[in-house]
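Report on the following structure.
The values are calculated or read from the model by the stated rules, or taken from the named source; none is laboratory data. Please read all numbers here as calculations on a predicted model, not as lab measurements. Every residue, glycine as well, gets a Cβ built from its backbone with ideal geometry; the counts of neighbours run over all protein chains shown.
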Amino acid sequence: MEELLRRIDYQAKDPDRPSERRESARFFRDVALALVDSLLPSDSPIRVHGVNSAGVSFMAPGGLAVPLSAVSEGYRSVFSLAVDLFERIISQLDDDADLSRSPEDTFYAKSLGIVLIDEVDAHLHPRWQRTIG
């Protein structure tokens, strides 16, 4: 899952790509990171920081950037769920215009579908189970 975001980030920064394709990649990267961050409990001390060639990082208390591999299994589970969901959503979109950013800086997709997730909270901390489950 992390590899998908690294590829999108590379496409967003590749000077050999046309500017509209780089902008599209930046937009998809931002949507994916916003989705991951929105699924984390609002009182979580760790938030999504960004992605680069080294991978995804989270911002820990004190301003320390922490790689995905160093966060707890709960964070990695939520990350995997969010990126998998994002990948499936964008695979169903007709074009970039189907994914938009609202004036409130939230993202939405013009797509119909049903998402069924069985036991999403099975391996999460009880506090996260109440929030996510």
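Observations, loosely collected:
- Set side by side, the residues D94, D105 differ, and just one is in a loop (DSSP other than H, G, I, E, B), closer than 22 Å to L4 by Cα and either in contact with a strand residue (DSSP E or B) (Cβ under 9 Å, 6 or more places away or on another chain) or at pLDDT below 65 (or both), which is D94.
- Condition check for V115: within 22 Å of L5 (Cα to Cα), buried (at least 17 other Cβ atoms within 10 Å of the Cβ) and at pLDDT 75 or above: no
- Just so you know, in region 30-51 the residues that are under 22 Å from R88 (Cα atoms) and not hydrophobic (A, V, I, L, M, F, W, C) include one that is surrounded by the fewest Cβ atoms within 10 Å (Cβ to Cβ), and it is S38.
- Residue count for region 67-89, restricted to those that are surrounded by fewer than 15 Cβ atoms within 10 Å (Cβ to Cβ), modelled with pLDDT of 90 or more and not polar (S, T, N, Q): 2
- Restricting S38, S42 to those that are of a type in the set (G, A, S), in a helix (DSSP H, G or I), modelled with pLDDT under 85 and within 21 Å of P126 (Cα to Cα) reduces the list to S38.
- Residues in region 13-29 that are surrounded by 17 or more Cβ atoms within 10 Å (Cβ to Cβ) and either closer than 24 Å to V78 by Cα or touching a strand residue (DSSP E or B) at 6+ places or on another chain (Cβ under 8 Å) (or both): A25, F27, F28, R29.
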